[in-house]
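In what follows, a structure is listed as structure tokens, so that the remarks can point back to it.
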Amino acid sequence: MDNQENNLSFLDVELLLNEVGAENPNLANLIRKIIYDSPTKKMNTHAREVISKIINNQKNNDKKCQHNGCNAKSINSHVISKNKLDNFLGNKINDKIIIDVLDLDLKENPYKYNFKQKSTKFSCSFFGYCRDHDRDLFNELDNAGILYNNKLLNYQYLRMLYENIRNLESELKVFENIFNELKSLNNQSPNDISTDFINTREEKLKNTKNRLERSKEIYQKIWQGLVTGVFYITSKKYRLKKSGIIFSHFFDLTKGDDKEPYTFFILKEEYKKTSYIYVGTLCNENSIEIFESLDLHKFEGKQFLTELMLDSKDKLIFSTEFKKQINEKELSIFLKNQDLFPNEPIEIFLIQEILFNSEKKLYFYT
């Protein structure tokens, strides 16, 4: 097969990623970004082989629970309780409870997202804990109507962080495979891939390793806090009107010169008539600055959190009625691919108004 036949079009890449995307959309999106960010002639010529190797390596990885050294097989664990999704966000359609997620419109228009209906059975889920740990650790959290106290919040942060760890583990394996393939191609034909290009990928590989190790250390500290009753994560809680949106994500904004991790959790939950946003951070020298930057009583705090949420659209989950309640301009902001078209200040403000225009009371957990 000659080079022209090996070259991949946009559609070729998507067809190759279609199968893995059904099982692991995060992995498919990661591979997609790497391939599109590697437009060298040599890389393009061999991209089909590279993607196939990566996908096969991931499929051969039989994930284990690993919580406290557990070697039982991972199941499809929920980051947000399925009962909460069913009771406070989902809509029953044809015997399934459905929510909306944002998904890149790869077939029609790769520059925008579309709202896509998804069963709550497979929403907010990842291959994490084994059946026993998933049940025993989070049984109380799965009580749909329960309000979080500090203990329950730390359990919720634990599984949010574990999802992050599993995603980073997949990223690391993909980066290692890509990096090894690039080095191999470079050895075969040094002029096709620049040294700067290789060095940039090597730096990304190093950063991913650092983030993974940092996340694992924080995970162990949260767990030890839950065991001892001295909780590792401190939270602030904001009460809002019900908006039809759930969001959960662990953010790591640590820089190379930071003495301690600059990390925090954002959790937005829905109930029957109200909504809560929780900001959780480690008890370290950065916690005061993080709480101040995310103070939802201030315009700047709401603006910053809105930016974070719009930059993490894959973590947004909507009621099926949400898109009917906003205007065309607001809808277009949610659908825009911010990686290609960064959000303008006025756009951030419009979404900010939807999310945060009705906070009523602030609580502080120590």
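The values are calculated or read from the model by the stated rules, or taken from the named source; none is laboratory data. Computed from a prediction, not measured in an experiment: that's the story for all the values here. As a convention, Cβ positions derive from the backbone with ideal geometry for all residues, glycine included, and neighbour counts pool all protein chains shown. Side chains included, ligands, DNA and RNA excluded: accessible areas come from the protein's heavy atoms. Shrake-Rupley method; radii C 1.70, N 1.55, O 1.52, S 1.80 Å.
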Heavy atoms of Cys283: accessible area, 1.4 Å probe, square angstrom to 10: 80
Residue-wise HN-Hα coupling along region 316-328, computed from phi with Karplus coefficients 6.51, -1.76, 1.60 (Hz; x: Gly, Pro): 7, 10, 10, 5, 5, 8, 4, 5, 7, 9, 10, 7, 5
Heavy-atom accessible area ranking, 1.4 Å probe, most first, across Cys65, Cys124: Cys124, Cys65
Two-decimal Rg to Rh for region 228-340 - Kirkwood Rh, Cα set: 1.00
Filter on Lys121/Lys302; Lys118/Lys204; Lys241/Lys323; Lys116/Lys324; Lys236/Lys268 - keep pairs with C-alpha separation over 23 Å: Lys121/Lys302; Lys118/Lys204
List Val279, Val227, ordered by accessible area with a 1.4 Å probe, largest first: Val227, Val279
Which of His297, His78 is most accessible, then next, and so on - probe 1.4 Å: His297, His78
With all protein chains modelled, accessible area of Glu202 [1.4 Å, Å²]: 90
Rg/Rh for region 300-342, where both radii come from Cα atoms and Rh is the Kirkwood radius: 0.97
Net length gained if the chain between Lys209 and Glu176 were fully extended (0.36 nm per residue, minus Cα distance): 10.9 nm
Contour excess over end-to-end distance, with Cα ends at Val230 and Glu289 and 0.36 nm allotted per residue: 19.0 nm
Spacing of the two label points (7 Å from each Cα toward its C-beta) at Asn149 and Asn327, in nm: 4.5
